[in-house]
Each structure stands twice: as C-alpha cells, then as structure tokens.
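Have a look at the structure below, then the notes.
Bear in mind these aren't lab numbers, they're just calculated from the coordinates by the rules spelled out. Quantities reported herein were computed from a predicted structural model and do not represent experimental measurements. Cβ placement follows ideal geometry from the backbone for every residue including glycine, while neighbour counts extend to all protein chains displayed.
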Amino acid sequence: MNIFDDGAKAVPSHYRRSGVYHWSPSKINMPFWYMVAEYGFRKRQLWQAKRASQDGDAEAEYRIAHYEKGGSIKMECGTQVGIAAFSVLNGTSLTEANRHALSQLHEHRPAGWNEPDQEFTSHFLENEGEIVTDTIEHTVDALREAFAGANQVDVEDQIALELPGIDVPVDGYVDGRGGGVIAELKTRWDQRDKRTASGFKSNSVPKNPMPDHVLQLALYQRHYGGVAKLIYANRLNYRVFEIAQEQLDEAVAIAHAICRKRQRVLERTDGELAALVDVLEPDWGNFRLSDWSPDLRLELKQVFANE
C-alpha cells in the first residue's frame, strides 16, 4: 500500500490532493510552502515513479533517483544515538550499543553533490566514531536522569491525536515513555566553522527548550498525559528540561491554530498543487532544501513559478 492510498476513503479530497494524509509535529513545524513542496510535489512524484517502475517503465528508475532525497549523516547520527541510548537504558551493554550504531552509520553514502554531508560524515566517523560514542554516553546519562525510577521504558510508541475541527489526525512517535514520564530526545551535532583548526565547532545544548521541540512534545503529552521532559545531548554534555503543563497547553493551542489555518487554505484550493503554489512564497535559502539535489531544487523553482 502506498502513502496516497492509505486511508484514502476517510481523508477529504483537499488533503488527498495535497499528499497529506495526517498531520505530524514535523509537518506542523515546517513552513507551509515546504510542506507543499515535500508532500504535494516531491513525494508524489517519487511515488508515481515507483509505481511506473513496478509497471515495467524502464526509465522510471532515473526518475526515482531524481526524486529520492537521501538522508543526511546528522539525521542518521541522531537516529542511531537514540536507538543506542534507549537500548542501553533497557539493558543492552554500552559497548554493543556503540558497535551497532557505528556499523549502521558506516553504511551512509553522501551524495556526490553534497559536499557538507561528505565533510560531516568524515568528521563524525573519524577517530573510531568518538563524537558519536561520546554523544551516546551523555544521552544515556540524560535518559537515566529523565526516567529515574522507571522499570521499563517503551520506545517509539505511536499516537493518533484528534484535534477539534481538524479533518485528519496528528500522528507521531514518542521517543520514550515509562514511569509516568514521556520524553523527546534531541541530539546536537558539531557545526562547520572555518575559523577553527578542525573546521568544526561544538553545537552546544540550548539553555532553554526550543519552541518547535516543545510543540512536538506537547502533542504527545496531550495524547498520553504524564510528566513531559525534553532532553538535549551532544558530545560534551546534556540537559533535561521538565516542561510545565501551562507551556504544553499553549503549544497544543498553537499547533491547533496552525492546522486549522492550513486546512482552510487546502479547502480553498482543494489541495491542488498549482493553486497552492500561487498563494505560497518559498524561502529558497531555507536549510530544509540543503538535502535536495541542485536539479531537484531547480525543478521545484519551476513548479513554484508555474512554468
């Protein structure tokens, strides 16, 4: 089953045509124009190419490669650190968790055009992946503090949250839940800096919770209840924040307002890509486009120009 068939009968046409079958914290937090670019354009084209390939179209593989968006090493590092740290919290040895994480990360292959990802990959995996293993160690310490007293912590529990007046649910996966606590983990990775000898500098853990992350956690806490904690970790240290209920409620209200406003736009345009790009203004310097190939970014510009 592909993403454009999943739940199609229950989803209004203005959502189906936009390629959005549910909301998620990431969709809510991303700019609306980018959500349209990602779900109304790129993923739809990718799915159509994959379907054509299954139907025997010999040229479809080229289109698949064109519309595929490879993951970045930073994203993969965050994923593997989370898997490793939660597995240690639940009984796996730190040595085994580190070994598995690094084995997965060594499979990452940066795109030939993506010089930053090439540099980050070399940097994170040098010295036997010390940056990654140090981050795992600090993340484990953070999780032990956040879930102190919990006998077992469940990982990647799914939610399907209904918001009043919103035609599709908010779906997502809670990083960890146990002992009356739900928590989201955010890893922080070195940044490039030409002023340093190595060409990189440490990305510090924030002194205060970041609003996008609070919004994500708030939606999960609205579904499950409990004490909500936001965890940041890097190769040097970590910080755990307990988010007040008032702040969580405010964040849910913001998320609800965003969904309601965007739903109205989808209703007015019936989710048609050509109509949506007429009313949305892209930011071509947005970091979210850094893992789109130059050819794909050029095509996206043509789409927004209605060429």
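Contact order normalised by length for the stretch 73-253, with contacts defined as Cα pairs under 8 Å and 6 or more residues apart; what percent is it? Could the numbers behind the result be given before it?
Details: 295 pairs, mean separation 36.8, N = 181.
The value is 20 percent.
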Between [x] 60, 50, 34; [y] 52, 45, 40; [z] 63, 53, 37, the structure-derived Cα extents along the principal axes in Å is [y]
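Set the Förster radius R0 to 35 Å, insert the Cβ-Cβ distance between E119 and S13 as r into 1/(1 + (r/R0)^6), and round the FRET efficiency to 0.05.
Values: r = 45 Å, r/R0 = 1.27.
E(calc), rounded to 0.05, equals 0.20.
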One finds, for R288 and I254 with R0 = 22 angstrom and r their Cβ-Cβ distance, a FRET efficiency to the nearest 0.05 of 0.65
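Calculate for the chain the 222 nm mean residue ellipticity that helices alone would give, adding -39,500 (n - 2.57) per DSSP H run of length 4 or more and normalising by residue count, nearest 500 deg cm²/dmol.
Helices in the chain give a 222 nm mean residue ellipticity of -15500 deg cm²/dmol.
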Reduced to Cα centres, the span from the stretch 224-245 to the stretch 35-90 in Å works out to 29 Å
For S93 and R268, extending 7 Å from Cα along the Cα-Cβ vector and measuring point to point gives, in nm, a value of 6.2 nm
One finds the C-alpha centres of the stretch 259-281 and the stretch 175-212 to be spaced, in Å, by 33 Å
Counting only DSSP beta bridges fully inside the stretch 73-253, the antiparallel percentage to nearest 5 is 70 percent
note: the stretch 73-253, Cα-Cα separations exceeding 28 Å make up a percent value of 29 percent
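Just to confirm a number: summing +1 for Lys and Arg and -1 for Asp and Glu over residues other than E68 whose beta-carbon lies under 11 angstrom from that of E68, what do you get? Intermediate results must be reported in sequence, preceding the final value.
Values: positive: R42, K43, K50, R63, K69; negative: E61, D291.
Net local charge, E68 excluded: +3.
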Quick calc: nm separation of the 7 Å Cα→Cβ label points for Y62 and R144 -> 5.6 nm
Filtered hits (lysines, Cα-Cα < 20 Å from K194, offset >= 8 within chain) -> K74
Restricted to the chain, the DSSP antiparallel beta bridge percent, nearest 5, is 70 percent
Share of Cα-Cα pairs in the stretch 184-301 beyond 20 Å, whole percent, is 64 percent
Within the set Y34, Y21, Y62, GNM on the chain using Cα springs under 10 Å gives the largest fluctuation to Y62
Once V279 and E156 are pulled to full extension, the length gained, defined as 0.36 nm per residue separation minus their Cα-Cα distance, is 40.7 nm
